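A quick write-up on the structure given underneath.
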Amino acid sequence: MRALAALQRGGLDLRSAILAWPSSAPPRLRPLISRIAGRVALGEEPSEALRHLGDDIEPLPRVLPAYAREGGDVADLLERHAAMLDRRRAAARRALAGASGARLSGRLVAALPVLFVPFTPRSADPAGLSFLIVGVSLAAAGLWWIERLLPSPDELSDPSVDAAELIAALLAAGASMDSALAAAAAAEAEAFGRAPRRVRLGVAWADALAREPGLAWIGETIRRARRWGVPAADALAAEAARRRAAAEDAFEARARRGAVFMALPLACCVLPSYLLLGVLPLLR
């Protein structure tokens, strides 16, 4: 995306930039980008061809046609979207690194009793079979319990923050407030809920967003920025960054708390499973 923006900075329009894009693309993406350039060369619209880049770029194909018609700075929008993706991926990597150690340790310890099964004497009588079934069930329950205690990186995803970052990028790149909100609503339809429908019925965007529980803060931020005369793009970007940082802090706190509470499934499930699968068959 940054390479495509650089080509546009050099004076090319979007179509010409996509045709020249493969020569400056990263090697591992060059085949994909060459196919996109080929589609554009055959007459496909640039916004439609860009959809083949994947889900990460999904909002842009919906936004670019109207944005280009309004004379917006497409190169700046691409650069801002690339920076937004970098921030999201960095947050996901930090979250994954923070919880992966405790998750891996918990999985190994929970699976340890089951690994003893092939090496311990087993009996085919009802008691021996009962030990095996209950022991494996306890080990599975312990593994499930451990997984529930530790957070998943997917929990960091917040559609309202993603929408606010997209609106801020559109505004900063030159779009008007109404067009930025309309484009973001088209790109993030699920996050905006019924707000676009209310706007079509004559409700102002700030009021329409205020009636959506997850988006009320965006409407309030826009209203406050207008009241105080500050750039709405900066206000939205700052609030989105604050919320994302708060979500990362909460994720880290839950990961640390989960690592401590892992003692419960280890004591209640994994240790009895070890006794049933490893110790009792050997004693019998």
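Worth a mention:
- For segment 178-250, the fraction of 1.4 Å probe accessible surface lying on carbon and sulfur atoms is 53 percent.
- Descending by average beta-carbon neighbour count within 10 Å, the peptides 262-268, 22-28, 1-7 line up as 1-7, 262-268, 22-28, the highest first.
- Accessible surface, per residue, of the chain when the full set of protein chains is kept, probe 1.4 Å, Å²: 53
- Prolate is the label for segment 111-246, because the ratio a/c of its alpha-carbon gyration tensor axes (a ≥ b ≥ c) is 1.5 or higher and a/b is greater than b/c.
- Of all complete DSSP H helices in the chain, those with a Cα span along the helix axis of 24 Å or greater and a mean Kyte-Doolittle hydropathy of 0.0 or more are 74-115, 126-149.
- Hydrodynamic radius by Kirkwood, which averages 1/r over all alpha carbon pairs of the chain, in angstrom: 22.6
The values are calculated or read from the model by the stated rules, or taken from the named source; none is laboratory data. What you are looking at is a predicted structure, and each value in this text was computed from that prediction instead of being measured. Counting neighbours? That spans all protein chains shown, and the Cβs are built from the backbone with ideal geometry, glycine included. For accessibility, only protein heavy atoms count, side chains too; no ligands or nucleic acids. Shrake-Rupley method; radii C 1.70, N 1.55, O 1.52, S 1.80 Å.
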